[in-house]
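The values are calculated or read from the model by the stated rules, or taken from the named source; none is laboratory data. The shown structure was predicted, so the numbers you read here are calculated from the model rather than taken from an experiment. Every residue, glycine among them, receives a Cβ derived from its backbone with ideal geometry; neighbour counts consider all protein chains shown.
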Amino acid sequence: MTFFENEVRPLLVKRCYECHSDTKQKGGLRVDHIGYLKSGGDTGPALVPGKPDESALIEAVRYANEDFQMPPKGKLPDAEIAIMENWIKMGAPWPEDPAKKVVVTEGGFTQEQRNYWAFQPVKKVSPPNTGGSWGRSDVDRFIAAKQSEMKLKPAPEADRHELVRRVYFDLHGLPPTKDQVDAFVNDKDPRAYERLIDEVLASPRYGERWAQHWLDLVRYAESDGYNQDAYRPHAWPYRDYVIKSFNEDKPYDQFVREQLAGDEIAPDDPEVLIATAFMRHPVYEYNLRDIRGQWDLIVTDMTDTAGELFLGLSMGCARCHNHKFDPILQKDYYRLRAFFTPVHWRDDLKLVTPAEKEAFDQQEAKWMAATAEIRAKMDALTQPEIDKRVKTWLVSFPEDLQAMTNKPADQRDSLEKQLAGLCKRQLDFARASFDPMKDIKDEKAKTEYKALREALNKFDHLKPEPLPEAFVVTDAGPKAPANKLQTRKGDLEIEPGFPAIVDSAPLKITPTKTSTGRRTALAEWITRSDNPLSTRVIVNRVWQYHFGRGIVGSSSEFGTLGELPTHPALLDYLTKKFVEGGWHFKALHREIMLSATYQQTARREPDEAVAKIDPANRYLWRFNPRRLDAEQVRDALLAVSGELDLTAGGPASDGNGTRRSIYTRKKRNSPNDLLLALDMPAGFTSIAERQSTTTPTQALQLLNGDWLRARARHLALRSKSIEDTWIAVLGRQPTEQERATADAFLKTQMARVKQAPPKNEIAANDQGFKVNTPHERLLVSVNDKEGDEFTVESIVKLDSVDKNAELRTLVSHWDGGKASLESFGWSIDVTGQKSRYKPRNILMLLVGEDENANISYQVAASDIHIEVGRRYHLVVQVSSARHSITFTVRDLDTPGAKAESAIVQIERLSKLSQGASPIYLGGLGKRNPTRQWDGQIEALRIVSGQTADNMLNADPDQWKSGIFIWRAADPLRSQFTWSGADSEAAPEDEPLVKAMTSLCQVLLTSNQFFYLH
Amino acid sequence: MHCHRYDLPNSRRDFLQTAGCGFGAVALAALMGEQAHAAPQQLPQRMARAKSVIFLFMEGGPSHLDTFDRKPLLNELAGQSLPASFKTPLTAAGEGKSPLLECKRTWKQHCQGGLWISDWFTQVARHADDLAVIHSCASSGINHAGGVCSMNTGSLFGGRPSLGAWASYGLGTENKNLPAFVVIKDSESTVVNGVRNWGAGFMPAVYQGVEFHPDGTPIKYLDNPKGVDRREQREKLDLLGKLDHDFNASRASNTELEARIRGFELAYQMQAEAPGAVDLSKETATTKKLYGMDDAATATFGRNCLLARRLVENGVRFVQLYSGAGSKWDSHAGIEARHSQLCHSVDRPIAGLLSDLKARGLLEETLVIWGGEFGRTPMSEKGDGRDHNPTGFTMWMAGGGVQGGRTHGATDELGLYAVEDRLHVHDLHATILHLLGIDHTKLIYPHMGRPERIDQNEGRPYTKLV
């Protein structure tokens, strides 16, 4: 022992502790106790007592193996190596220090680690007998027992108004309607509340709310989330699958099995297969040449998410080293990873039954046979250029990947299939970048191609409707690719398995003909009724969504970094019941919601004692007050304004529309403004708990955003009185004081609107457009939209351009914004002196939706420069389908002048005419004095659709069609309204509507509306 | 919910009366106090000079080889392929084996410190003695999305807070009516990955960057709704305040409710004051000229630089200016033309910013950072361009207590790999926080039970800059 204390321990401290003791454990190894040395690190035991030659420690310090040398800084003096050898030869004696007793059990875990609560089996517990009178259910007895221990008392029961609001928001994410409130409040049946819960659970609105919780957890999104952020148009069936599963009360174990292994357990059932989209949510970049790196990150993402979501363990920490705080080994991480390494992102499957696929194939074969010749001719025109593009892209891959891609598909091994699949996606992108109409340069060939295409179209009657694409995964094959853990001693192949501390039993996996069967094994294990983690984790999540806080406060972290359960026995009780009852969520909701604990009021202020004992309300001495989350707010706004569109399922809609939030488009890089401001997650990582933030920029949006203001206006239009407003927004009558306050507000507002100064007298129409006069701009009311294909024809004269870089706007259907659907639109303008497009250039600005459903802003400059003071016949033809804008300009003051024309290519844009701004001549929808037209707009018309050139005419009297025709010489018709320096931009609502709108807006942003408290 | 014991004023009026004294801190505390997590406890703040940061982000990847990192060997070997002694890198466009491309610049040593700077930055070069040039930066992102996300958040993917968010989380704001973290782009184009580059990630939204538009309305939603004037807005807020106040009165334990009233008041103040912060009409013609606002080619970035100075003066903690928003510095082909134009567009404005900050005594407390998401390769692409190079590139810092006129670290003889004092993005972030007086290992945000740091536990501050 003296030898150990004098020689060995100091040596270990000096030479090894820095990297291998309590603070760092490189390679998973600690040397500060013999137990650790014996169990070793990633590469096995470090020391075999009595056998120095078999001890890795000695091998390392001897510098015998080039890849395995310790300490890395330099070889130890021989004398020190000898000391270690001698000590191990002696049997490696280590003095027991009773104060620091470490019991290292099998697998290298300490007894303390093994005893950690979350790894213990779920116990069968009976509810405590508290003897008190409070409470209705077993849940309450657990809560009451803890409260009495903590010297806390429960809050009184919430009144029926509070309760009905809570229940609807909780289960539907929507406020109750007036009828729903009345029905419950006036229900005399003693079982009224129970019936309410059953009724609300039975509604399809339930799935639309609770699916959102799950979508947060699986980081659901509908775009790639990287630079291009391409839209994932086939992701939504997964969202519908989740909603449907909740509505059908699908058992959780089945729900998990389908998502992890739907392809293995029911490959032919599209309703199950779609569940595997769960593994398609990682972010992706369409052109990343580092294919291997990208795939590695995708597998990592799947592994980390599964660990957090199902097991409540931050496995991610163990990717690079053994977990610092929990007994999760780096090997455990790789064991979990091994379940996902065989995954293959499939882009070739359809979401249909085999019979439907068969029918499709037969029909398609007919079409193919009938059109073979035509298509061959078309290919001959396009293929050389496409091949060139593909080749250029292909050679930019590393050579090994090129080789994989060039290999016949049936000769690829699993990893090659995965990687070649990713390469193929990129090559498909290169292929699709070829647009025949744009890229066939030879005019003759293009004409030929067009003719062929028309010929092809004649066979459309034979062509089957395309099948829905399947956004799913399978395995790449029955044999899994390598899953290597890199260690100093080389790579270790890690087989699938579970965290050793929970289950180290060997795993039996049965591969099928096409699949490794690994994920089925994982799903079976996660859904085992005796799994101590996954069962508690899901029950705790449900509790958290009801109460705002889980029994374990950190619901995705059950490890030591997380919080301890406040009511461990209750968690076990509910978990057992949930699992034994068949894993049904609805039963669990019932159990929780029927408790007195859930029915407590939130309206209880803590007295001094309570504030001291439990300020955070962990022991539920009242119901937790909560702010509505993003989707609840947005949906409630639509519900109370009477605009909520309850169309269920299908492709997503724009967030500025009126469908429920769960059905709005989830673009990772361009989220909906309102939802984002209210803390909707961005969809990059699994989110277990929403934040509730308050910022001035959020307040600005609520005060000034068009969308919310429009909801307020709708509500104002359907409210006949202050009472109506209160009932719609808050589900109750206003108090006397509130009524008086609101009334006074309305009166002030209306009085002021009436005092507004009279508008200037309007002068004649043909004086031209001039800033700071009553004739700044001309507002045009139209019934029809111009669409994405239209022509603007005009006779104009411009007297000046801006001396800086500002534009002069001839006509607009746009407010100048670039960020929202409401700002979609366009304008035709002339550049100023300092413009980077050079002065007097005619251009068009457009904001619309591109092919990836991104908002896109484009400038199309004609590079035709006009002169000031001259009359022109100016025609702009917009064709979104042809990706082009054609400008044609002819000088009318020079007899015989030829028309100049320019075709400018643009990206394909849609929804150009869907913005909120009306059409204005001479400026934008929003007044901007420096951007006003200065001069004449003698005539102007907009014709929807494509226009033949022979319809154009420099004599406006000959104009026949158009969504409107403006001729300055004509008397002013009612569809035109002059807008001057003093007049408001938009037609005003009448004073009462305007005042009511403001009142409604205030109520819709109030704390009462935003909070369940 | 946390139980914070802030002295809550009873009404809007009380609130506004207290506004004069120490309002900024109280407001911030109140605004974030009720969030999931409170601001970190008093960090043991090192003596630091830098109080605010202006990050000049050249988006798309400026070439270090043609600007600040002189490599004579490159021109000797131009046209040949990378010598065998260099490991072939995996590059974004797969140009590992393409011939080396010569640098066409003329280089000079500048000022006392004798820094080599090319003729693309002749104006900035006059400030050479203020620049600490780091030649050995490295990033994990080989393409724009990963690179820009990494330089901003330390991660290739979204989901983590950006550097500006960490800085405002660590230090708070010094201005009640402006956001702590402001972003300004030089065009309407979207920065790669969009708004999440200045997002708060898993932190509360108070820490996220707010985009300022240099023209017209500086902040989205700052203008009243159509047809609503300021008086009406005030009346609406008064009504809201009254309703909320009545509601809150019996719910005092829910501090979020009070914070919301303040949020609206702050918004109202911001409506009044934010336009002033970007109003350059009070700046003299001389100042504007200093920033290059008299020349169309430099006017845009010059204006943004001047705005940055005004924002920093107004107590904004972190300003990020994008040059070439939408990867315009990217130069896979025709680097001569692209870089000439872009370097020219920022050279005078940056020099102006440095001069102006210095003249006002602000440079000492303002850390100016220049760089992109990566540099460019010595290998050519498409004959006259350069591919992305994240394995070794240059950034420089000035002000904020940094010692100028010096270079740090080095790339190899061709500027491909950082070989000396390599500073990964994680180290850069740790270094920047260090310059702000924050020990980055102590600036922790608890998320999902994990103590998260800006560097994902991988960075070390480079302390030789001071």
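What to note about this one:
- Considering only residues in the range B:214-249 that are more than 7 Å from chain A (Cβ to nearest Cβ), free of Cβ contacts under 8 Å to residues at least 24 places away in the same chain and not charged (D, E, K, R), the one that is surrounded by the most Cβ atoms within 10 Å (Cβ to Cβ) turns out to be B:Val228.
- Any hit, the range A:978-987, residues being away from chain B (no Cβ under 14 Å), assigned to a loop (DSSP other than H, G, I, E, B) and more than 37 Å from the chain's Cα centre (by Cα): yes
- Within this structure, A:Pro270 passes the test of being over 20 Å from A:Phe498 (Cβ atoms), surrounded by 22 or more Cβ atoms within 10 Å (Cβ to Cβ) and modelled with pLDDT of 95 or more.
- If you filter the range A:546-585 down to residues that are among the small types (Gly, Ala, Ser) and in contact with a Lys or Arg (Cβ under 8 Å, 6 or more places away or on another chain), you find that the one that is nearest to A:Asp629 (Cα to Cα) is A:Gly548.
- Every test in (1) touching a Lys or Arg at 6+ places or on another chain (Cβ under 6 Å); (2) crowded, with 19+ Cβ neighbours inside 10 Å; (3) not β-branched (Val, Ile, Thr) is passed by A:Ala92 save one, and that test is (1).
- Residue pairs meeting the criteria (Cβ under 7 Å; at least 6 apart or on separate chains; first buried (at least 21 other Cβ atoms within 10 Å of the Cβ), in the range A:197-211; second assigned to a helix (DSSP H, G or I) and polar (S, T, N, Q)): A:Tyr206/A:Asn247; A:Gly207/A:Asn247
- Some residue of the range A:619-642 being within 12 Å of chain B (Cβ to nearest Cβ) and without any contact (Cβ under 8 Å) to a residue 40 or more places away in the chain: no
- Condition broken by B:Tyr417, with the remaining ones in (1) aromatic (Phe, Trp, Tyr); (2) surrounded by fewer than 23 Cβ atoms within 10 Å (Cβ to Cβ); (3) in contact with a helix residue (DSSP H, G or I) (Cβ under 8 Å, 6 or more places away or on another chain) satisfied: (3)
- Failed item, numbered, when A:Ser913 is tested on (1) touching a Phe, Trp or Tyr at 6+ places or on another chain (Cβ under 6 Å); (2) under 15 Å from A:Ile942 (Cβ atoms): (1)
- Within the range A:631-651, one or more residues are surrounded by fewer than 18 Cβ atoms within 10 Å (Cβ to Cβ), at pLDDT 95 or above and part of a strand (DSSP E or B).
- Residue within the range A:19-42 that is part of a loop (DSSP other than H, G, I, E, B), hydroxyl-bearing (Ser, Thr, Tyr) and in contact (Cβ under 8 Å) with a residue 12 or more places away in the chain present: no
- Single unsatisfied condition, A:Arg709 versus (1) of a type outside the set (A, V, I, L, M, F, W, C); (2) touching a Leu at 6+ places or on another chain (Cβ under 6 Å); (3) farther than 30 Å from A:Ser554 by Cβ: (2)
- Scanning the range B:352-395 for residues that are of a type in the set (A, V, I, L, M, F, W, C) and free of Cβ contacts under 8 Å to residues at least 24 places away in the same chain yields one hit, B:Ala359.
- Single unsatisfied condition, A:Asp829 versus (1) at pLDDT below 95; (2) acidic (Asp, Glu); (3) in contact with a strand residue (DSSP E or B) (Cβ under 6 Å, 6 or more places away or on another chain); (4) crowded, with 20+ Cβ neighbours inside 10 Å: (1)
- Residues in the range A:789-822 that are within 14 Å of chain B (Cβ to nearest Cβ) and acidic (Asp, Glu): A:Asp802, A:Glu806, A:Asp815, A:Glu822.
- Taken over the range A:376-428, the criterion of being crowded, with 18+ Cβ neighbours inside 10 Å, among the small types (Gly, Ala, Ser) and more than 13 Å from every other protein chain (Cβ to nearest Cβ) is satisfied by A:Ser414, A:Ala420, A:Gly421.
- Every residue from the range B:250-289 that is more than 8 Å from chain A (Cβ to nearest Cβ) and either small (Gly, Ala, Ser) or touching a Ser or Thr at 6+ places or on another chain (Cβ under 6 Å) (or both): B:Ala272, B:Ala274, B:Gly276, B:Ala277, B:Ser281, B:Ala285
- Flag if B:Gly159 is farther than 27 Å from B:Glu256 by Cα, free of Cβ contacts under 8 Å to residues at least 60 places away in the same chain and within 8 Å of another protein chain (Cβ to nearest Cβ): no
- Any chance A:Asp673 is charged (D, E, K, R) and either modelled with pLDDT under 95 or under 16 Å from the mean Cα position of the chain (by Cα) (or both): yes
- Residues (in contact with a strand residue (DSSP E or B) (Cβ under 8 Å, 6 or more places away or on another chain) and outside any helix (DSSP H, G or I)) located in the range A:350-409: A:Lys350, A:Leu351
- Long-range neighbours under 8 Å by Cβ, at least six apart or interchain, first residue within 12 Å of chain B (Cβ to nearest Cβ) within the range A:823-844, second of a type in the set (Lys, Arg) and surrounded by 24 or more Cβ atoms within 10 Å (Cβ to Cβ): A:Gly832/A:Arg808
- Taking the criterion of being closer than 18 Å to A:Thr693 by Cβ, touching a strand residue (DSSP E or B) at 6+ places or on another chain (Cβ under 8 Å) and either basic (Lys, Arg) or facing chain A (nearest Cβ under 10 Å) (or both), the residues of the range B:182-210 that qualify are B:Val195, B:Phe202, B:Met203, B:Tyr207, B:Gln208, B:Val210.
- Residue ID - modelled with the highest pLDDT, chosen from residues in the range B:184-228 that are assigned to a strand (DSSP E or B) and among the aliphatic types (A, V, I, L, M): B:Ile184
- Residue match in the range B:155-168 (condition: small (Gly, Ala, Ser) and over 28 Å from B:Gly61 (Cα atoms)): no
- Residue in the range B:333-352 that is nearest to A:Asp229 (Cα to Cα), counting only those that are of a type outside the set (D, E, K, R) and surrounded by fewer than 21 Cβ atoms within 10 Å (Cβ to Cβ): B:Ala333
- Among (1) modelled with pLDDT of 90 or more; (2) more than 7 Å from every other protein chain (Cβ to nearest Cβ); (3) surrounded by fewer than 21 Cβ atoms within 10 Å (Cβ to Cβ) - the single one B:Glu174 does not satisfy: (1)
- A count restricted to the range B:432-454 and to residues that are crowded, with 23+ Cβ neighbours inside 10 Å and in contact (Cβ under 8 Å) with a residue 12 or more places away in the chain stands at 8.
- Within the range A:373-388, residues that are touching a residue at least 60 places away in the same chain (Cβ under 8 Å) and assigned by TED's automatic domain parsing to the domain that holds A:Met437 reach partners that are among the basic types (Lys, Arg) and surrounded by 15 or more Cβ atoms within 10 Å (Cβ to Cβ) with beta carbons closer than 9 Å, at six or more positions or on different chains, in the pairs A:Leu381/A:Lys446.
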